[in-house]
Amino acid sequence: MKLPILAVLTLAALTSLARAEEGDDLREASKAEGETFNARMYAGAPGNKAYACFVRRYDADHLARHPKQKVASMKLLISAEVDKEDKELHNSFRLGFRYRHRSGDFDSSGSCNHAVFTKSGNEVRLGCGVDCEGGGIGVALSKDDKSAIVRLERVRVWQNNKPDDDAERSLVAGADDKIFRLDRTDTSECASLVTDRKELAALRHK
């Protein structure tokens, strides 16, 4: 039953990405193109498990120039792991952020599909979605691979790693919250997004 579930998650991620980039003509990358993108994302062949961390803390000058921006800081952890059953590499994401005018840490997580190309063919990205119609994000890389370009329309989030109905909210794109450029950094910077002890240990050793 695992493959049908993965197919549903992939479709949901593609749907979320399509909504975030309405009007784009997306095509799935070939296996070779996908491997090339993964090597760019993880700064080398990912092997059985890999992580990539991107962070941005917006300074006062940036926020002053973008008065409608709701987000004050953001972290993104992209993970890759080979599934023991289908032997394929699967990507997932964890997103953490703080609002500009609201206290607390907020986060989201979900699975990502295989890499897709935009209509122009000059950008490849991952479409990542949250279960149960929770929206999602698109993740591309800058040309020098030093930054992640995050696009969103709506993504379900929780406060303080509590994925339950009471804590559920959504980060909705506004005039200044549709596209975020996050800088690549050491994976330890994204440790706060990981709650599993074994995974946290693996992350810190990367």
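The values are calculated or read from the model by the stated rules, or taken from the named source; none is laboratory data. All figures in this text were calculated on a predicted structure; none of them were measured in a lab. Quick reminder, even Gly has a Cβ in these numbers, built from the backbone with ideal geometry, and neighbours come from all protein chains shown. Areas reflect the complete protein model, heavy atoms only, side chains present, ligands, DNA and RNA absent. Shrake-Rupley method; radii C 1.70, N 1.55, O 1.52, S 1.80 Å.
Provide the per residue accessible area, probe 1.4 Å, for region 29-149, rounded to a whole number of square angstrom.
Details: 5790 Å² over 121 residues.
Spelled out: the 1.4 Å probe surface of region 29-149, per residue, equals 48 Å².
Tell me, in nm to one decimal, what length is gained between ASP105 and ASP145 on full extension, where the rule is 0.36 nm per residue of separation less the Cα-Cα distance? Show your work: numbers first, answer last.
Values: separation 40, 0.36 × 40 = 14.40 nm, distance 2.71 nm.
That pair, ASP105 and ASP145, stretches by 11.7 nm at full extension.
On the protein heavy atoms, probe 1.4 angstrom, tell me the percent of accessible surface of region 29-98 carried by carbon and sulfur.
Within region 29-98, the accessible surface is 49 percent carbon and sulfur.
If we sort 47-54, 143-150, 64-71 on the protection proxy, mean other Cβ atoms within 10 Å, highest first, what's the order? Intermediate values should be presented prior to the final figure.
Details: 47-54: 19.2, 143-150: 15.6, 64-71: 13.1.
Ranked by mean Cβ neighbours within 10 Å, highest first: 47-54, 143-150, 64-71.
Cα atoms only, region 37-176: Rg and Dmax in Å?
Spelled out, the Cα radius of gyration and Dmax of region 37-176 are 15.6, 50 Å.
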